Amino acid sequence: MYKKLLLALLITGSLNPVIAQETPDANVIQQIRREGLEHSKVMEHAFWLTDVNGPRLANSPGLKRAEEWAVNTLKTMGLQNAHLEPWGEFGRGWEIERCYVAMKSPYYQALIATPKAWSGSTNGEIKAEVVLIKADTTVIKQMGSKLAGKIVIFDTKTQLEPNYTPDATRFTDQELKRLDSLPPLKKSSAEYIARIRATQKRLTQLLYEQKVALVLDLARGDDGTVFTSSPRAFGLDDGPMPAELEVSSEHYLRIVRLIKSGRKVELEADVRTKFITDDPKGYNVIAEIPGTDPKLKKEVVMLGAHLDSWHAATGATDNAAGCAVMMEVVRIIKTLDLKPRRTIRIALWSSEEEGLWGSKGYVANHFGDVTTMKLKPEQANISAYYNLDNGTGRLRGIFAQQNVAVRPIFDEWLKPFHDLGATTTTLRNTGSTDHISFDDIGIPGFQFIQDRVEYFSRTHHSNQDTYDRLVADDLKQAATIVASFVYNTAQRDQKLPRKPLIKK
Ligand SMILES: [Zn+2]
């Protein structure tokens, strides 16, 4: 074709190669919308994952229950090759068997508190005085045996302020547009986090050596919300530790004020935690819808979310929501019998919360070594990986993860969902969850833009992360859009374009 004419046609849009190739099959999109929006089972998956299976901390019995349920449910949906696949060694599981704590004097008050993950137990039922100390190893060493048998609380300058911002917000059009002009996100420093953890660990070990009966720590959060954490090296056995509770800020600060005013505060408590050592391996749930195109079926479109959670609630928004949506995606595709050209593979990861261990292990086993960038043959066969892990909020678009070539494709794929509020492809990257494991090894890995519905303000890693926080219409919308993206990726003549590989 004559060069100038081609240019003119491209400019006027009458011959746009991207649009020509990328317009999704309207008939299939219509079917996906009907199944996903009108016959959804997403809340049923979420109910099983949260209320029925319970908290799903890495290698805990709750996670085992959820993994087994997910494998069986995916089998029932008609997926092939549904199984638990070990990704490597995690170490010890842990769960709470009992947690009772109340103030006994100067008057009775039941306390909102939860054990830190992998913390120890009290020596049966205890009743003891609370001692206010500085969180400082020198101070603790000086106090020595005075702390034996006591309950320890750390001094703090924290004062609660009223909350003037809403817990749940939805992106405005302007905010969505602005996402593009924000600088790319930097990775958080693993060394910094490791240093903080090491300091905390030294402090807690010292308290154990001084034979304290129980340690109280100020929970992040207010309004009775306790954002949980762990003082431990997760699955590793790093020696005996005392029972440690994160106490809701309102209750914690009251105890601190009473002690500072010279009043004696006594608590009674019974905290029993259990370490699980029978199987140190970690597992991912894997299942497939086999491809039907003789040439393309060896290629794979992956989708996933992490199945593990923290322990103080049932991990509904983090991340039963993502798992329920991804399971619903494969249910929709299977129920409609869409016969994808490429194979579709769902993965529900474990130990994401401790640092993406499940997905990193899977990537190392299948695709290559990120430290050397020595790739395995399977790496070339994965077209894309789609992830969901930012709560219950509806999808407003997708992060293209700085993949310039993929952006116009996603723009086209979002068009049938503009009416549902999903309009935006941003080049911006986003981090902190399992698509990074794929992005790091050169496989296009994506996470969707989600409305911030009570996520970082209320539910993320907190005792408030329950089924009640899930918004059914948002999850239905998410499953519908992800199903369409996964299907489009499976049908495309080419795999999705990749960013240039970063050689090490
Ligand atoms: Zn998460």
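Read-outs: derived from the displayed coordinates by stated rules, not from any lab. Here the structure is a predicted model, which is why all the values come from computation and not from measurement. Neighbour counts are summed over all protein chains in view; Cβ atoms, including those assigned to glycine, are modelled from backbone coordinates with ideal geometry.
Remark on GLN450: its backbone amide H falls under 5 Å from those of ARG396, a criterion applied only to residues 5 or more positions apart or on other chains, H modelled at 1.01 Å from N. Among ARG452, ARG178, a tally of other beta-carbon atoms within 10 Å of each Cβ gives an order, fewest to most, of ARG178, ARG452. Considering only beta bridges that DSSP places wholly inside the chain, some 60 percent are antiparallel.
Taking the Cα centre of each part, how many Å lie between the range 134-149 and the range 328-355? A separation of 52 Å, based on Cα centres.
Take each peptide in 429-437, 103-111, 320-328, 122-130, count the other Cβ atoms within 10 Å of every residue, and average; sorted highest first, the result is 320-328, 429-437, 122-130, 103-111. Other residues within the sphere of radius under 12 Å centred on the Cβ of ASP468, judged by their own Cβ, net out at -1 (K and R +1, D and E -1). Applying the Kirkwood pairwise sum to the alpha-carbon positions of the chain produces a hydrodynamic radius of 24.4 angstrom. Hull volume per residue, based on the alpha-carbon atoms of the range 94-276 and their convex hull, is 162 Å³. Spatially, the range 380-434 and the range 273-308 are offset by 21 Å when compared through their Cα centroids.
Suppose R0 equals 25 Å; then what is the FRET efficiency for GLU97 and LYS281 from their Cβ-Cβ distance, rounded to the nearest 0.05? Walk me through the numbers on the way to the answer.
Numbers: r = 23 Å, r/R0 = 0.93.
Given R0 = 25 Å and the Cβ-Cβ separation, E is 0.60.
Quick check: the distance between the Cα centres of the range 202-221 and the range 65-80, to the nearest angstrom? The range 202-221 and the range 65-80 have Cα centres separated by 41 Å. Calculated mean residue ellipticity, 222 nm, the chain: -9500 deg cm²/dmol, from DSSP H runs (n ≥ 4) at -39500 (n - 2.57) each, averaged per residue and rounded to 500. The order of SER181, SER229, SER119, going from fewest to most other C-beta atoms within 10 Å of their C-beta, is SER181, SER229, SER119.
What does the charge count around ASP389 come to, taking other residues whose C-beta lies under 10 Å from its C-beta (Lys +1, Arg +1, Asp -1, Glu -1)?
Here the count lands on -3.
With a cut-off of 12 Å between beta carbons, the residues surrounding VAL363 carry a summed charge of -3, where Lys and Arg count +1 and Asp and Glu -1. Residues within the reach of a label modelled at ASP468 (point 7 angstrom out along Cα to beta-carbon, backbone nitrogen below 20 Å), restricted to the range 48-84, are 48-56. With neighbour counts taken as other beta-carbon atoms within 10 Å, the residues THR335, THR424 rank, fewest first, as THR335, THR424. So which DSSP H runs in the chain come out at 27 Å plus along the axis (Cα) with average Kyte-Doolittle of at least 0.5? What comes out of the filter, once short or polar helices are dropped, is none.
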